[in-house]
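First up is the structure itself, then whatever we jot down about it.
The values are calculated or read from the model by the stated rules, or taken from the named source; none is laboratory data. None of these values were measured; they are calculated from a predicted model. Please note: Cβ atoms are built from the backbone with ideal geometry, for glycine as well, and neighbour counts cover all protein chains shown. The protein model used for the area step is the full one, side chains on, heavy atoms only, and it has no ligands, DNA or RNA in it. Shrake-Rupley method; radii C 1.70, N 1.55, O 1.52, S 1.80 Å.
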Amino acid sequence: MANKITYREINQDIIGFMTNTGIWYYIVLGFMALGALALFFAPWAYQIYTGQGVTGLNVPIFWGVYLVNFVFWVGVAHAGTLISAMLFITKTPWRRSIARGAETMTFFALILVTLFIFIHMGRPWNFYWSFPYPNQRLLWTNFQSPLMFDVFAIGTYFTSSAIFLYFGMIPDLAALKHHTTGWRKWLYTTLSLGWRGTDRQWHVQGKATMFFSSFIMPLVVSVHSIVSWDFALSVVPGYSKTIFAPYFVTGALLSGFAGVVLMLTLLRWFFPFVRKYVTEYHYDSIGKMILLLSLVWSYCTIMEILTGLYANTSEEMESLKYKILTDPYMQLFALMMFSNTILPLVLMIKKVRITPVIMFFICIFVMVGMWLERYLIIPNALSRKFLPWMWYDYFPSWVELSITAGAFMFFIAMFMASIKIFPVFSLFELKEDAGIPMEKPHGEG
Amino acid sequence: MKRRDFLKYLGSGIVGTGVGLAFGKVTKPPGAKLIPYLIPPEDVIPGVATWYASLCTQCSAGCGILVKVMEGRAKKIEGNPLHPVNKGRLCARGNAALQALYNPDRIKGPMKRTGERGSGKYKEISWNEAVSILGRNLSELDKNGATEGLYVLTSTLRGHLNTLIREFMSSYGSPNYMQYELFQHRNLIYANRVSMGLDAIPHYDIANTRYLLSFGADFSSTWLSPVNLSHGYGEMRQGGARRRGVLVQVEPRLSLTGANADEWVPVRPGTEGVLALSIAHEIVAGGYYKGADASSWKELLSGFSPEHAARVTEVDAGRIHHIAKEFVKTRPSLAIGGDNLSAYRDGLSCLVAVNILNHLAGNIGRKGGVVPNPAGLLKGRTGTELRKDRITALAKSALEGDVKTLIVYNTNPVFTTPAGVKLERALRNVPFIASLSSFMDETTAMADLILPSHTSLEDWGDDFAEPSTGVRVATLMQPAVSPVFDTRGAGDIFISLAKALGGKVGERLNYKGFPEYLKESWRKIYANNKEVAAGALTFDGFWNRLLEHGGWWQTEEPRHKPRSVSVRRVKAHIPTSPSEFEGDEGRYPLYLVTYPHAGYLDGRGANLPWLQEMPDPMTAVVWGSWVEINPKTARKLGIKQGDLVTVESPYGGIDLPAFLYEGIRPDTVAVPIGQGHRLYGRYAEKRGVNPIEILPVAEDKRSGELALNSTRVRLERKGADGKLVKMGVRTEELGRGIVQTITPEEFERIAGKEEA
Amino acid sequence: MSKIVKKVKERLRDFRRPGYYKEFEYNWTMVIDLDKCNGCEACVVACHAENNLPIVGKDECSKSRAFNWIRIERYVEGEFPNVKVKFIPIMCQHCNSAPCELGCPVYATYHNQDGLNVQVYNRCVGTFTCATYCPYDVRRFNWFTYKWPEPLDQQLNPDVTVREMGVMEKCTFCIQRIRVAKDRAKDENRKVRDGEVVPACVQSCPTGALVFGDRNDPKSRVAKLAKSPRRFRLLEGLNTDPSVIYLKRVMKKSGSKKHGEHG
Ligand SMILES: Nc1nc2c(c(=O)[nH]1)N[C@H]1C(S)=C(S)[C@@H](COP(=O)(O)OP(=O)(O)OC[C@H]3O[C@@H](n4cnc5c(=O)[nH]c(N)nc54)[C@H](O)[C@@H]3O)O[C@H]1N2
Ligand SMILES: Nc1nc2c(c(=O)[nH]1)N[C@H]1C(S)=C(S)[C@@H](COP(=O)(O)OP(=O)(O)OC[C@H]3O[C@@H](n4cnc5c(=O)[nH]c(N)nc54)[C@H](O)[C@@H]3O)O[C@H]1N2
Ligand code: SF4
Ligand code: SF4
Ligand code: SF4
Ligand code: SF4
Ligand code: SF4
Ligand SMILES: [Mo]
């Protein structure tokens, strides 16, 4: 296998992919964009106009699918950070060709996270009241509220991921301006901020990446821990769990990695050149990661149930009974356990890990399972609170289901549009690896 | 008009003009509404509430109220704290009277029928025209010498509107003034008359009793004077240092009151009378009764041994004996018989049996027992009169063509009588019907002419509360707000009718209006009554105080004059066997019990949205009706909670959702009364069913009270979705200690330590 | 050193006091005697009338969206004929350590100087957190902007806001009545007297099961009743420190023998 990759080939592959777009790409992109408009934005506008009553929410299930989606997309956003930052610091070699794609996913997932907060709110037009800005009436926000923590955590995460993504892209943008004309040239020239590739610039860039990586890494742990405190800091049975922070972080990473696999596999299928850069070696590594995360996640899940059983209070038992032994949650719970615990066990087999199509389907299950995990916690726990007189069930309305589905289309549309404008693979980092056969791990692996 | 509204109108006027010009059409400026407040009413201070003392007419208890009025609008009703009936408290229905006043479905002015009878087609006319149409009709009758053909049907009226109508009718020349409503307590009044010689409803002193034996009296929600009796109940339970009273409830279906009882005796329907007499038997047999006539009581009650009664009533003989012992030994004790009891075919006899218990235990004329009221300031209707006022009699006269003209006020018999009475058909046979109702109900829809009357918050009136006062009480009703629509007071309508008729009637009722009649009548009471006049220098001063306080009442403790029940008097009236139920036992295996809904009462409250959305106190159902079935029975019939079932009696069937209820005997089902209106506004129409439709035409022969518990039924599951909507999903506490309790024994131990 | 530790501890305790108040000007308290309450629902309708609560209709009721700031829960034990029914009126418990207050990011629900858990409609952005955290499920949400068909709207109480879509609400202990009484008291240079503040539900309650007043005043009825040996608070184990005090119902243990039941 002597397929050594040259700089020229990298340039041709990536820039060619960005500038030559087939009509079918536009059709799919248009479909996704229209889908987002019809399924996501239109129902949301209807909801804002009519009121939150168009959802299936009720007393006392005030938190439903919107928050499920919120937590789910925070989870999806997690792999980007981990891959970019943690693996950078540990100098893990397989991160290079997938990091940019994962970071891009993070960015767009965080846009959805923010949108889902607004969608969830009863008066979204007043969203800015939750920022601590100086105002006439000297009103301050409540720093004790886990929701306030969220504002800061997600705000910080969003800002730093965006900067990180942009910062890492500057050398590529500078390279791109030499290979493009028209609006692209203008755009890349503007955005590359006069990058000329001097030693000093490279030196600063390297230092900065190291700095941001170290800065962002704790966010991987903190953001989803904080999101879990939205629940864990309440007294609600089924929410008030000490294990939630690590449990949520693990789950987030699990779904994040699964998301990355889905993204890479689709790119590989539709754009054959990608196969050069994303190889069995990458699948193997991510597969191991998913297996590890799945095991930790399963441990947390089982511990959560066991501590509930051990407590043996009526509140804990009824909330468990509702989740595990009641139609239709029993079936959903079984599906979740199959997807997140049983199925990933096959990743112990190397053959499975390096077969993209199998990985693809396993990851779809993991995504579904992780969505269900949040569903089985968020509305479910509220269905069985302290006073049985007020027990009630929840089923999402068409508006909620439509917005949930539309969010995926919106995500895909944004991603598809973005990778035609900004390189989905890091040119300069790939070039660092150029000349080395990509199929094989280099150095000590 | 508020400042903001003014600006809004100004703004919309300008915008409207602009838009109008743009479309080539100029809209009418809405500023006209500004004029009326240029000279503001004297008693209006924006933002400051004025309180008017008045009377609640949502049921016949006669509670005193205070109406909070701001900027000419009624905002809130509260109990009048000085009033002896409700002592400042108010029930749910009393609160909701505001929604009768501001109901969007009120009739907005006089109307004349244009379409078929019952078609609901009317045309608006003026009051002058309306009064002259009715006046001409009555003159016609007079000319033809058929004044007896005029019938007037009203609800139970006790105040001066009643005397006004009586005077109108007697001077016009018709004896046919009738009062009818569903829960009129005819049996109770008549039973008191035949057993104690008391032609009235006395005061049941629950507050001071220590053993309350209630036979189906749901005083917590609807019986007699719910606020007064509930207040008494609170006092009986935790009224300070006194010992806590015990409540024993005897009824086949656990009512709200029963749910609060210390003991529930789920007697077989229709055998309560036998049970009461069996308790009486034990009192006499145990030698607790010390009267000289003990032996004749013994003889009278000889057939009611507990062993015999146990077979009939399905109440354990030992339990009967125990209740009897507790009832006579706990001092003071009190037995009451409620709507459930009086709703049997021989309801009157059952209530006589309850009076016997009170007599034998010495509870009559005692504090904490039965306290007869002193003579009223105004002679109200009597049991004898009531006996005559039967709706069946009216239907019969109408069918025979005797009723030439009918005037209906404040009662809806078409809704509250069984189909078998054929009232609707009878009414079609009446040449001319006028309704004074403010709402388009089933009876008003039969009218040729509608003269809509005020609601109680717009009208003048008075009331002399009868049940549960123990003292003389007069309550004044005064308008709290000016009329919302083009309506008139019922009294005013009769007076203007008298004017239109002229002659004897016109002379007799020569008043400017009902307020003048009312004031003049009170002048007479003031003049003839030293006690009433006491402390007031002039009548005007007295009248002002009357308006300020909301009425006049004695403030001293009720006087307790003992009364007795004699064997001779009750001999012919005691229940000897269980009450009869129609329907073959094999084909119709279940007893049907009907009861007034806590919010809708006899159906009159069903158009008030607060009451529709108020969860039923027992089932928590909202916006509908239901049939209560014991889960065992339901299981046998394959019926689940919320299923649609058909309840079928020999007289017809109704479909309604099932409510599985442990508080009902397996051989009994229960349906609340109040829903199932065909007409009555957006909130009431086509909602739930009316169980009265499937009842037989059964009356207590002596009193004329309609027997609501008089048929058996069968059930059949019809489908899965009965559209039952209830609050509260689970009713198990799951050991979470939500409603914490202590046992009576523990309470005895700590009782002294209670403070306040 | 220990002095500093003590001081820090004190500061922390201050910080954890509800609303950071050292003490409340008044300590409004509701005592509910479960032995008196007969479940009649008068309080529920009175609260509707006083506080401009909307009527939502059958469909919305079936979705568990009925508006009640106070509700009567019913718990049933046993089978025919040994059935026991228990009633408990539940409104906002005005917790002095309120989970809802912790959750609200914008201080739309907070503790005021009288120890009340107050709700500022204007400030609420509708995150539902307070309602999710409230263990007593007493909070209600304006799913829509509710309408009153004319002329029903003429009844609306001008002393109480009509809330718009997207806003959370709950029992206020009829704060508008408290404020009138405090205002009057201030004009007359005195404290509010016992019995001067009567919330709508208390006013209506036929049995006298509800008593309201200031627990800071040792001579008030609530202060005395609050010492009753029958006292308990709802879900007391959650340490929410409610201002609603219940008095236990006197009732035979279910399953215990009835009077006179032999054998
Ligand atoms: N001492 C003193 N005098 C002042 C002022 C002050 O601060 N102190 N302020 C000054 C100022 S700024 C102003 S604007 C004026 C205000 O002075 P005015 O305009 O006299 O205002 P009010 O006395 O508040 O209300 C006038 C009347 O309007 C009636 N009203 C209320 N609602 C309506 C309605 O819907 N329609 C109609 N037709 N009438 C209605 C009320 O019953 C009241 O009698 O006072 C000025 N005078
Ligand atoms: N409850 C109620 N509310 C009302 C009204 C009502 O009748 N009742 N009326 C409404 C109407 S019509 C009006 S116009 C508004 C008025 O509302 P505001 O404008 O708030 O009227 P005031 O309270 O009279 O005056 C405001 C402040 O100005 C101060 N002040 C006085 N003179 C001066 C000065 O020379 N310079 C400065 N800088 N300050 C000064 C006063 O001490 C006072 O604190 O209120 C409206 N709101
Ligand atoms: S008991 Fe009757 S009179 Fe008294 S408040 Fe209730 S409805 Fe009105
Ligand atoms: S009862 Fe609920 S809403 Fe009221 S203060 Fe407590 S936690 Fe907050
Ligand atoms: S719903 Fe309103 S009051 Fe409740 S937490 Fe959110 S912003 Fe605060
Ligand atoms: S205190 Fe006021 S707001 Fe609270 S339940 Fe009672 S009436 Fe409603
Ligand atoms: S009004 Fe009083 S007695 Fe009736 S349910 Fe409410 S608290 Fe209980
Ligand atoms: Mo003004």
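Using a 1.4 Å probe and counting only protein heavy atoms, arrange B:Tyr102, A:Tyr26 so the residue with the most accessible area comes first.
A:Tyr26, B:Tyr102
I'd like the accessible area for A:Lys288: 1.4 Å probe, protein heavy atoms, all chains in place, Å² to the nearest 10.
Roll a 1.4 Å probe over it and A:Lys288 shows about 110 Å².
Using mean Cβ contacts within 10 Å as the protection proxy, how do B:266-278, A:32-44 order, highest first?
On the way: B:266-278: 26.7, A:32-44: 17.4.
Per-residue Cβ counts within 10 Å, averaged per peptide and sorted highest first, yield B:266-278, A:32-44.
So if I place +1 on the C-beta of Lys and Arg and -1 on the C-beta of Asp and Glu, and nothing else carries charge, what would the dipole magnitude of the protein assembly as shown be about its Cα centre? I want it in debye, nearest 20.
2200
So what is the calculated 222 nm ellipticity per residue for chain C, using -39500 (n - 2.57) for each DSSP H run with n of 4 or more, over all residues, to the nearest 500 deg cm²/dmol?
-6500 deg cm²/dmol
Measure off 7 Å from each Cα along the Cα-to-Cβ vector at A:Ala311 and A:Thr326, then give the distance between these two points in nanometres to one decimal.
Using points 7 Å along Cα→Cβ, the separation is 1.6 nm.
Run the numbers on chain B and let me know its relative contact order in percent, using alpha-carbon pairs under 8 Å that are six or more apart. Intermediate values should be presented prior to the final figure.
Working: 1641 pairs, mean separation 127.0, N = 756.
Once normalised by length, the contact order is 17 percent.
List the aspartates and glutamates whose Cα sits under 14 Å from the Cα of A:Lys91, skipping any in the same chain fewer than 8 residues away.
A:Glu429, A:Glu432, A:Asp433, A:Glu444
What average count of beta carbons from other chains do you get within 10 Å of the Cβ of residues in B:313-323? Mind showing how you got there, number by number?
Details: counts 0, 1, 1, 5, 2, 5, 5, 1, 2, 5, 2.
Taking all residues of B:313-323 together, the mean is 3.
What do you reckon, how do B:Arg665, B:Arg117 stack up by accessible area (1.4 Å probe), largest on top?
Ranking B:Arg665, B:Arg117 by accessible area, largest first, yields B:Arg117, B:Arg665.
Before we go on, tell me the buried accessible area for the C/B pair, both chains summed, 1.4 Å probe, in Å² to the nearest 100.
Approximately 7200 Å² gets buried when C meets B.
How would C:Asp35, B:Asp199 rank on accessible area, largest to smallest, probe 1.4 Å? Walk me through the numbers before you get to the answer.
Working: C:Asp35 5, B:Asp199 45 Å².
Accessible-area ranking of C:Asp35, B:Asp199, largest first: B:Asp199, C:Asp35.
Interface size between chain B and chain A, please: total buried accessible area, 1.4 Å probe, rounded to the nearest 100 Å².
On the way: alone 31770 and 20490 Å², together 51330 Å².
Looking at B and A, the buried total is near 900 Å².
Excluding C:Arg140 itself, what net charge comes from residues whose Cβ is under 9 Å from its Cβ, given Lys and Arg +1 and Asp and Glu -1?
Residues close to C:Arg140 contribute a combined charge of +2.
Averaged across the residues of C:164-171, what count of C-beta atoms belonging to other chains lies within 10 Å of each residue's C-beta?
Details: counts 3, 8, 9, 2, 2, 0, 0, 0.
Per residue, the average neighbour count from other chains is 3.
Filter A:Lys241/A:Lys385; A:Lys323/C:Lys58; B:Lys68/C:Lys63; A:Lys385/C:Lys224; A:Lys185/A:Lys420; B:Lys726/C:Lys84 down to the pairs with a C-alpha to C-alpha distance above 25 Å, please.
Numbers: A:Lys241/A:Lys385 14 Å; A:Lys323/C:Lys58 29 Å; B:Lys68/C:Lys63 34 Å; A:Lys385/C:Lys224 33 Å; A:Lys185/A:Lys420 14 Å; B:Lys726/C:Lys84 20 Å.
Pairs exceeding 25 Å: A:Lys323/C:Lys58; B:Lys68/C:Lys63; A:Lys385/C:Lys224.
Quick check: at a probe of 1.4 Å, how many percent of the accessible area of chain B sits on carbon and sulfur atoms?
52
Between B:Glu748 and B:Ser577, how many nm apart are label points set 7 Å from Cα along the C-beta direction?
4.4
Excluding ligands and nucleic acids, what accessible area in Å² is computed for B:Asp540 using a 1.4 Å probe, to the nearest 10?
Rounded to the nearest 10, the figure is 80 Å².
Can you compute the FRET efficiency between B:Ser296 and B:Arg428 using 1/(1 + (r/R0)^6), with r the Cβ-Cβ distance and R0 = 60 Å? Round to the nearest 0.05. Present the calculation step by step, with values, prior to reporting the outcome.
Values: r = 53 Å, r/R0 = 0.89.
The pair B:Ser296/B:Arg428 has a calculated efficiency of 0.65.
Using the heavy atoms of the protein chains alone and a 1.4 angstrom probe, what is the accessible area of the range A:37-95 per residue in square angstrom?
Dividing the accessible area of the range A:37-95 by its residue count gives 25 Å².
Say the cut-off is 27 Å between C-alpha atoms; which of C:Lys7/C:Lys186; A:Lys177/A:Lys431; B:Lys388/B:Lys571; B:Lys388/B:Lys561 go over it?
With Cα atoms farther than 27 Å apart: C:Lys7/C:Lys186; B:Lys388/B:Lys561.
Just list whichever of B:Lys112/B:Lys499; B:Lys76/C:Lys248; B:Lys143/B:Lys422 have alpha carbons separated by over 26 Å in the model shown.
Result: B:Lys76/C:Lys248; B:Lys143/B:Lys422 exceed 26 Å.
Semi-axes of the range B:187-371's equivalent ellipsoid from the Cα gyration tensor, sqrt of 5 times each eigenvalue, largest first, rounded to whole Å?
23, 18, 17
Return one whole number: the accessible area per residue of the range C:21-66 in Å², for a 1.4 Å probe.
Numbers: 1120 Å² over 46 residues.
Per residue, the range C:21-66 has 24 Å² of solvent-accessible surface.
Tell me, what is the percent relative contact order of chain C, built from C-alpha pairs under 8 Å that lie six or more residues apart? Walk me through the numbers on the way to the answer.
Working: 428 pairs, mean separation 73.0, N = 263.
Relative contact order, chain C: 28 percent.
Using a probe radius of 1.4 Å on protein heavy atoms only, what is the accessible area buried between chains A and C, both sides summed, to the nearest 100 Å²? Display every interim value, and only then the final one.
Numbers: alone 20490 and 15720 Å², together 32160 Å².
Roughly 4000 Å².
Indicate the gyration tensor shape class of the protein assembly as shown (rounded, prolate or oblate), computed on the Cα atoms with a ≥ b ≥ c the square roots of the eigenvalues: a/c under 1.5 is rounded; otherwise a/b larger than b/c is prolate and the rest oblate.
Prolate, since a/c reaches 1.5 and a/b exceeds b/c.
So for the pair A:Phe338, B:Glu400, with labels modelled 7 Å out along Cα→Cβ, what separation do we get in nm?
Label at A:Phe338, label at B:Glu400, 8.0 nm between them.
Pull out a ≥ b ≥ c, the square roots of the eigenvalues of the alpha-carbon gyration tensor of the range B:559-699, then state rounded if a/c is under 1.5, prolate if not and a/b is larger than b/c, and oblate in the remaining case.
Note, shape of the range B:559-699 comes out oblate.
Give me the inter-chain shielding for C:193-200: mean count of other chain Cβ atoms within 10 Å, whole number please.
Taking the mean over all residues of the peptide, I get 1.
Tally the DSSP beta bridges in chain B and give the antiparallel ones as a percent, rounded to 5.
Details: 45 of 85 bridges.
Bridges in chain B that DSSP calls antiparallel: roughly 55 percent.
If I stretch the segment between C:Glu25 and C:Val162 completely, what's the gain in nm (0.36 nm per residue apart, minus their alpha carbon distance), one decimal?
46.5 nm
In whole Hz and in residue order, list the ³J(HN,Hα) couplings for the range A:147-154 that follow from phi through the Karplus curve 6.51 cos²θ - 1.76 cosθ + 1.60, θ = phi - 60°; x for Gly and Pro.
Listing the rounded values in order: 5, 5, 4, 4, 4, 6, 4, 6 Hz.
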